[in-house]
Structures are given as structure tokens and as C-alpha cells.
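Trainee: Take a look at this one; I'll ask things after.
The values are calculated or read from the model by the stated rules, or taken from the named source; none is laboratory data. Predicted model, so just to flag it, every value in this text is computed and none were measured. Here Cβ is always computed from backbone atoms with ideal geometry, including for glycine, and neighbour counts include all displayed protein chains. When the accessible area is computed, the model is the full protein with side chains, heavy atoms only, and any ligands, DNA or RNA have been set aside. Shrake-Rupley method; radii C 1.70, N 1.55, O 1.52, S 1.80 Å.
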Amino acid sequence: MAQFTPRVFSGIQPSGGLTLGNYLGAITKFVATQDAGTHETVFCMVDLHAITVPQAPETLRHNTRELCAGFLAAGIDPEKSILINQSQVPEHAQLGWVFNCVARMGWMGRMTQWKDKAGANAEGASLGLFAYPALMAADILVYHATHVPVGEDQKQHIELTRDIAAKFNHDYGVDFFPEVEPVIEGVATRIMSLRDGTRKMSKSDPVDASRINLTDDADTIARKFRKAKTDPDPLPGAPEGLDQRPDARNLVNIYAALSGASVADVLAAHDGQMFGHFKQELADLAVAKLSPVSDEMARLMRDPAEIDRILARGAARAREITVPILERTYEIVGMVR
Ligand code: TYM
């Protein structure tokens, strides 16, 4: 196996505002990886993925800049990490086309995200939504990235990325694309809806009370946690006591992720407490952690030209990596250069 520089890539869709799920499941981990300094880090707003479902143009532009502000406010440093918007680095889409020709229809049809999003109306879904995971594989592999921090819901797509890399290497008799590793760690890999602890917290959920948005003010955050679904029992003293209690487990997980403590420690400290009280503490903790981030986002959004400059510079840095990898890919495939 060839040796690859340890490099992290991950992306977030600008298809709505950032949620607490994105923040705890993805962004805080991106910042930790960046600050550990063990890997080169590339983080991306995936605007081409966002348009696989309809987006109003001005809203998409706003959400892309706001997502960039979210990355910066949470601690992504554009000097330490490469921070980009996908469509500004054309090699993503170019390698995506090659991978459309490597990936098989059957592989795509088995993706649970495709099945969930297309639902019963697959005939009416866009071709882009079907091909979505091939572009995602290109996002990662156009950097020869080796590690991809994501939430649990993206695991299947990373496995498909490995399949695409392996098939490309096999079909062309090369050892060119690395075997990527998903990094899915900690208590926040699957933050659930505040209204239903068996469903993922999602920016596309029509019920706003189901999620905390990074742009929510303190009162809204407190109200959403107060109204969060729970069961009538008090908090248990140990993690086993959360079995079969998805709503209770979710709130405890969120508390643990926000405070940096383990679930066992959170429960030991709150053993026997009623949820009414715990939710108030959780709301206070969430406001303390999130309001500096949302204030900084709002400040950054007052200067969109500066955001655009950061993204232009990120794209230029990214292309130092992606152009040679795409060129080599085209050579391998047999394109005249
Ligand atoms: P997206 O935009 O849905 O979510 C971005 C990241 O946030 C994580 N996440 C969650 N984690 C925990 N609990 C939740 N409720 C929750 N909701 C979202 C996701 O797992 C993800 O890590 N296909 C990707 C975007 C993408 C990408 C890539 C990711 C495109 N290309 C290449 C990694 C590498 C997506 O739709 O994420």
C-alpha cells in the first residue's frame, strides 16, 4: 500500500442553518482535530450537494456564508485548516464525474439516505440526489484524505467511498486512492430530535422545536429544552438506567457532550434528579456554550466580503492539492492531456 500524508476532510451541507447535531457531531470534532495538529485538515461547505434538492438561490448563498461564519466562530482557523466552498474547487465535480462511472447503480440504490430522501417518489428525485455519494467520495479522495470525522448517519457513505476507491484502484491496476477511515467517536455521534428521541436531530425537520439552531437566542434555547420530550422517571445513577429511554438518553448525551464530561459522570452528579430541574441546567449550559458562537457568527455575517475573501483564499490553497490529483486521475483513466 502506498503511503499517504495523514489528512482529514469533512463537509457540511449549507441546506439550512447549523444545528446542535452538526455542532456537537461534527464541528467541535473538526476543531479538536485541527488543534491537535497531527493531520492536515480540510473543511468544506458542500453547496453542490445542497442543490440535489431544491434551494432558493439567495437562501443558498446566505446559508453558505452563514455556514462559513459558523466554522470560523466555532474555532476553525483558516490559517491552520483549508476552509472551502465546494463549487469553488472545480476538481470535486470533475472527479465526481469519474466516480459516477466507477460506482454502480446497485450500490447507490442501497444507500439509506437515498431511500429516506427520495422516499416513495424516486422517479421524481433528481439524478444528483442519486449520485450524491459519488460526489461525496470525490470530495474526500480529491485530497487523498485518510480520515473523515462524521456523525453516525454518514457511515454508510464513507464505506461506499472505500468501495469506490478500491474499485478504481482495482480496475486500473493502480494503488492511487487511499482507504479512508471514518472517525465516529464520542457521545455526540447521533444527537436526536428534542421531540422524538428515536429520530435524528435534523436541519430539514419541519418542526423547529425538534432542534437547537446555532442562531437561536437564549430564550428560544431555554424554551426548546424545557419542552423537550422526556419520560416521567427521574434521572438514573448509571448509564444502564437509560436503556429503553431514548429521550432521556438524548438529553444526557447532549449534556455530556456540551460539558465534556462522560455520561457516567453526568449521571453520578444528577442521580435521582427530576427532568424539570435537569432541563434548566442543560439549557443554562447550552446557552453558555453556544451564545459566544452565535454572537461571533452574527458579527462575521456583518462583513460578507471578508467571508468571501477567506473562501477564495481557501480555494486557491485547496487547488494546490486537488489539481495534481485530478490530473493524475485523468492520466490513469486515459484522457489526452
Ligand atoms: P450534513 O450536512 O447532513 O451534516 C454535517 C455533519 O453533521 C453530522 N450530523 C450529526 N451528528 C450528530 N447528530 C446529528 N443529529 C447530526 N446531524 C448531522 C453529520 O454526520 C455530518 O458529519 N453528506 C454530508 C456532507 C458531506 C460530507 C462530504 C461529509 C459531503 N461531502 C465528505 C464528509 C465528507 C452531509 O449531508 O452532512
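Trainee: Look at Val183 and say whether it is in contact with a helix residue (DSSP H, G or I) (Cβ under 6 Å, 6 or more places away or on another chain), within 12 Å of the ligand (Cβ to nearest atom), over 25 Å from Asn63 (Cβ atoms) and open to solvent by 10 Å² or more (accessible area, probe 1.4 Å).
Mentor: Spelling it out, it is not the case that Val183 is in contact with a helix residue (DSSP H, G or I) (Cβ under 6 Å, 6 or more places away or on another chain), within 12 Å of the ligand (Cβ to nearest atom), over 25 Å from Asn63 (Cβ atoms) and open to solvent by 10 Å² or more (accessible area, probe 1.4 Å).
Trainee: Oh, and also: Mind checking which residues of segment 205-240 are part of a helix (DSSP H, G or I) and either open to solvent by less than 30 Å² (accessible area, probe 1.4 Å) or in contact with a Pro (Cβ under 6 Å, 6 or more places away or on another chain) (or both)?
Mentor: Of everything in segment 205-240, those that are part of a helix (DSSP H, G or I) and either open to solvent by less than 30 Å² (accessible area, probe 1.4 Å) or in contact with a Pro (Cβ under 6 Å, 6 or more places away or on another chain) (or both) turn out to be Ser210, Thr220, Ile221, Ala222, Lys224, Phe225.
Trainee: Next question. Those residues that are among the hydrophobic types (A, V, I, L, M, F, W, C) and either within 20 Å of Lys155 (Cβ to Cβ) or in contact with a strand residue (DSSP E or B) (Cβ under 8 Å, 6 or more places away or on another chain) (or both), I need them from segment 190-226; list them, please.
Mentor: Answer for segment 190-226, where residues must be among the hydrophobic types (A, V, I, L, M, F, W, C) and either within 20 Å of Lys155 (Cβ to Cβ) or in contact with a strand residue (DSSP E or B) (Cβ under 8 Å, 6 or more places away or on another chain) (or both): Ile191, Met192, Met201, Ile212, Leu214.
Trainee: For segment 136-167: of the residues being part of a helix (DSSP H, G or I) and within 7 Å of the ligand (Cβ to nearest atom), which is most open to solvent (accessible area, probe 1.4 Å)?
Mentor: Glu152
Trainee: Identify, from the list Ala286, Ala312, the residue that is under 21 Å from Ile76 (Cβ atoms) and either open to solvent by 50 Å² or more (accessible area, probe 1.4 Å) or in the same structural domain as Cys44 (by TED's automatic domain parsing) (or both).
Mentor: Ala312
Trainee: So which helices (runs of 4 or more DSSP H) stay within segment 1-89 end to end and still have 3 or more residues that are more than 13 Å from the ligand (Cβ to nearest atom)?
Mentor: Passing ranges, in order: 28-36, 57-74.
Trainee: How many of the residues in segment 68-87 are crowded, with 19+ Cβ neighbours inside 10 Å and closer than 20 Å to Ala138 by Cβ?
Mentor: Result for segment 68-87: 6.
Trainee: Quick check, is Pro54 more than 21 Å from Ile158 (Cα to Cα), assigned by TED's automatic domain parsing to the domain that holds Ile158, open to solvent by 10 Å² or more (accessible area, probe 1.4 Å) and touching a helix residue (DSSP H, G or I) at 6+ places or on another chain (Cβ under 6 Å)?
Mentor: No; evaluated as a whole, the condition is false for this residue.
Trainee: Out of curiosity, is Val42 in the same structural domain as Tyr143 (by TED's automatic domain parsing), over 23 Å from Ala257 (Cβ atoms) and surrounded by 23 or more Cβ atoms within 10 Å (Cβ to Cβ)?
Mentor: Answer is yes for this residue.
Trainee: Quick one: what pairs do we get from segment 301-322, first residue more than 11 Å from Ala69 (Cβ to Cβ), second of a type in the set (Ser, Thr, Tyr) and at pLDDT 95 or above, C-beta under 7 Å, 6+ apart or different chains?
Mentor: As it stands, the answer is Ile321/Tyr143; Thr322/Tyr143, since those pairs meet every condition given.
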